[in-house]
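Q: Below is a structure I'd like to ask you about.
The values are calculated or read from the model by the stated rules, or taken from the named source; none is laboratory data. What you see is a predicted model; the values in this text were computed from it and never measured. Cβ sites come from the backbone with ideal geometry, for glycine too, and all protein chains shown count toward neighbours. Only protein heavy atoms, including side chains, enter the accessible area calculation; ligands, DNA and RNA are left aside. Shrake-Rupley method; radii C 1.70, N 1.55, O 1.52, S 1.80 Å.
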Amino acid sequence: MWLVEDSPLQRARARELLARHHAVETFEDAEQALERLSSGPPPDVLLLDWRLPGVSGLDACRYVRERYDEVTLPILMISTRGAHEDFTEGLQAGANDYVAKPFDDAEMLARVASLLRVRSQGERLREREAHLSTTLSSISDAVITTDKAGRVLFLNPVAERLTGWSTSEALHLPVAEVFRVIDAATREPLENPVERALGLESVQRPTRPALLLRKDGKEVPIEDSAAPIRTGPDSSSGAVLIFRDVTEKTEVSRRNEALTEQLRVSEAEQSLLLDAIPVLVSYVNADERYGRVNKAYEEWFGISRDQLRNRKVREVIGEAAYAVLGPYVRRGLAGESLSFEQHDVPYRLGGKRDVRVSFIAHQTPDGAVDGYVALLQDITMQRKLEQEREQHARQLQQQAEFEQLLIGIVSHDLRNPLGAILMGAERLKRLGIVPPEALRTVERIQVSATRAVKLVKELLDFTQARLGGGIRLERTPSDLHQVCQAATEEVETAHPDADVRVVASGDGRGTWDADRLAQVVQNLLTNALKHGRPGAPVQVETRGEDAQVTLRVHNEGPPIAASQLPSLFQPLQRGTDAVDMASRSVGLGLFIVKAIVDAHQGSVEVESTAERGTTFTVSLPR
């Protein structure tokens, strides 16, 4: 227990007395005690002097009562003031008891012992309440307890779930507000069973089916009973209400009612379903007369379903159409289920239609054919579109044949003369017979012819990729590190001022077409030199990993516009028009890169930002 006393003499006397029977901790003022109380568990009993420096004992008592009740932390006020008004004020502030100074030792110990008994009884009561609460929470029935005025004290979890009220929400509310019941048949409010049990002081059981109205307005069929909680032969402290959800019990009757309702509305539902089908649906009986049809059938023929019923098929579709479809009608009525497609069927409203029809024969239980169900689709527009697609496919085939012809022309009629031009220019330079003033012209011829050869190769690759077969490969064991080094040296020969840095790591071996991969390296590196910042280094990195080898080409400079990234690997696309026009590029380099990488079952990606520059990454499975 804690003793708060500012007088050293009184504090020592009280401590000596109490310490004979209890563990005592003393405080000189209320501030110390309240600070200790805020940081740990409370004592069994708190002894407070009335007059304390700073916060008075009375104010301290009020503060403690805001946090702890009289059972959890009993308070004994000590004061030299012995008037009845002072006792009353202290008790109203929350003190459990009062002792005046100078106190009698026996009286002091007796009052402390009394407060300890109160606290002990409170703890036992809480334990019993905990046991009872656990029991009520674990049973499958819903339980509500009330005081003798019918105000809610407790709901177990089942009751909370069924009513929609939590115990904290329902606490001290009238039970009739939380547990609302109506007659399941008349839907009239029923007298609350708790009110009946308290009024009659006897157990009350249901006399008719009831519905519980939950807090959210939903209804739950229940069975309930209520009984007073007796504290003596002629007295009670409240009532207990027990109820259960009987939804499953009433489900059978509800299903029967629902089945009856379904049968009643089945006709309407069937009509709705048939009308929602975007196919012409009709039933034709054995006399070739219409039975039920759907809305699509009405609209296609321009006749209401009531007018169609019992009319002959021949009369409705017309003689010309019946001449075409009549044989199928007779096959359907013979018991054959069939599907067919008929073109240029005369239409009763004019013109002709292409139709797709299915007949499903209907037989009676004894096997006789009673009619058939017809499903008809007007495929006139669909067939027209198919014809247009076929025509387009023929045009594409003609275009493909033209591209193949173009390949032959380019391969045989352009490469050979270009090769002759290159060889002739090279021979003129080696013989040394060209005058100095004409040597520059020969070099221009050589450069232009080389560019033309490269252009022809790109056009050949482009045409080959567009034909659908992709780039053809000749796979052999290769080392990407070596391929990259050789390809880079060739590009450096054409760009002697370029700062190209090659980095290789890991195992670069795999089975690829080395010439095609060299073409990838050269295209990406040339692209980086064209579009990178002048004078800035270009990095070419190859890295061998577990199942693949990666090639990265990075350059600094302005980023590729975000709008161009989605189409960057498409043919005839240029990253920067000014650069590509100056280099006479037709925009096939990156398209060919992707085609070669795809042929190797690899992938190529690009990342381009102003801060990090532009990086093309090629991943190749070994």
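Q: Please give the charge dipole size of the stretch 103-245, origin at the Cα centre, charges +1 on K and R Cβ atoms and -1 on D and E Cβ atoms. Round to the nearest 20 debye.
A: Value, rounded to 20: 180 debye.
Q: Which whole-Hz ³J(HN,Hα) couplings does the stretch 336-350 yield from phi under the Karplus relation 6.51 cos²θ - 1.76 cosθ + 1.60, θ = phi - 60°, glycine and proline marked x?
A: Couplings: 9, 8, 8, 10, 7, 10, 10, 9, 6, 7, x, 9, 5, 9, x Hz.
Q: Determine which lysines satisfy two conditions relative to K384: a Cα distance under 19 Å, and not lying fewer than 8 residues away in the same chain.
A: Partners found: K352.
Q: Moving on. Return the inverse of the average 1/r over all pairs of distinct C-alpha atoms in the stretch 139-251, which is the Kirkwood hydrodynamic radius, in Å to one decimal.
A: Across the stretch 139-251, the inverse of the average 1/r is 13.9 Å.
Q: Extending each Cα 7 Å along its Cβ direction at E299 and K457, get the distance between those two points in nm, one decimal.
A: 6.2 nm
Q: What whole-number value in Å² describes the accessible area per residue of the stretch 471-621 for a 1.4 Å probe?
A: Per-residue value: 51 Å².
Q: Determine the relative contact order of the stretch 139-251: mean sequence separation of Cα pairs under 8 Å and six or more apart, normalised by residue count, in whole percent.
A: 27 percent
Q: In whole angstrom, note down how far apart the Cα centers of the stretch 351-391 and the stretch 588-622 are.
A: Using only Cα atoms to place each centre, the spacing works out to 52 Å.
Q: Here's another thing I want to ask about it. Run through the stretch 303-341 and list the trypsin sites (Lys or Arg not before Pro) located in a DSSP loop whose Cβ has at most 15 other Cβ atoms within 10 Å.
A: Those satisfying the criteria are R309, R311.
Q: Relative to a virtual label point 7 Å from the Cα of L375 in the Cα→beta-carbon direction, which members of the stretch 276-293 show backbone nitrogen distances below 11 Å?
A: So the set is 278-281.
Q: Let me know the charge dipole size of the chain about its Cα centre in debye, to the nearest 20, where only the beta-carbon of Lys, Arg (+1) and Asp, Glu (-1) is charged.
A: 2300 debye
Q: Which of the three applies to the chain, rounded, prolate or oblate, going by the alpha-carbon gyration tensor with a ≥ b ≥ c and a/c under 1.5 meaning rounded?
A: oblate
Q: I would also like to ask the following. Starting at the first residue of the stretch 14-29, write each ³J(HN,Hα) from the Karplus equation 6.51 cos²θ - 1.76 cosθ + 1.60 with θ = phi - 60°, in whole Hz, x for Gly and Pro.
A: 5, 5, 4, 5, 6, 5, 5, 10, 9, 7, 10, 10, 10, 9, 7, 8
Q: Tabulate in residue order the Karplus-calculated ³J(HN,Hα) for the stretch 183-193, using 6.51 cos²θ - 1.76 cosθ + 1.60 with θ = phi - 60°, rounded to whole Hz; enter x for Gly and Pro.
A: My calculation for the stretch 183-193 gives 5, 5, 8, 8, 6, 7, x, 9, 5, 5, x Hz in order.
Q: May I pose another question? What is the calculated FRET efficiency for Q564 to H495, with r their C-beta to C-beta distance and R₀ = 30 Å, to the nearest 0.05?
A: Efficiency computed from Cβ-Cβ geometry: 0.80.
Q: With just the Cα atoms of the stretch 206-351, tell me how far they stretch along each of the three principal axes, in Å, largest first.
A: 100, 30, 25
Q: Could you list which residues have their amide H under 5 Å from that of W512, counting only those 5 or more apart in sequence or on another chain, with H placed in the peptide plane?
A: Placed amide hydrogens put T476, S478 under 5 Å from W512.
Q: Then there's this: Just want to confirm a number: the relative contact order over the stretch 2-134, from Cα pairs under 8 angstrom separated by 6+ residues, in percent.
A: 21 percent
Q: In straight Cα distance, which lysines are under 25 Å from K454, not counting same-chain residues fewer than 8 positions off?
A: Answer for K454, where 25 Å is the Cα cut-off: K429, K530, K594, listed by chain and number.
Q: To check my understanding: the extent here is largest minus smallest coordinate of the Cα atoms along each principal axis. What are those three numbers for the stretch 2-134, in Å, largest first?
A: 49, 30, 29
Q: To continue, here is another question. What is the helix-to-structure angle for 436-466, meaning the angle in degrees between its Cα long axis and the longest Cα principal axis of the chain, kept from 0 to 90 and rounded to the nearest 10?
A: 60 degrees
Q: How high is the FRET efficiency from R254 to R622, r the C-beta distance, R0 60 Å, rounded to 0.05?
A: Rounded to the nearest 0.05, the efficiency is 0.35.
Q: Taking the Cα centre of each part, how many Å lie between the stretch 475-544 and the stretch 249-271?
A: So the two Cα centres are separated by 76 Å.
Q: Can you tell me, using C-alpha contacts under 8 Å and at least 6 residues apart, the relative contact order of the chain as a whole percent?
A: 5 percent
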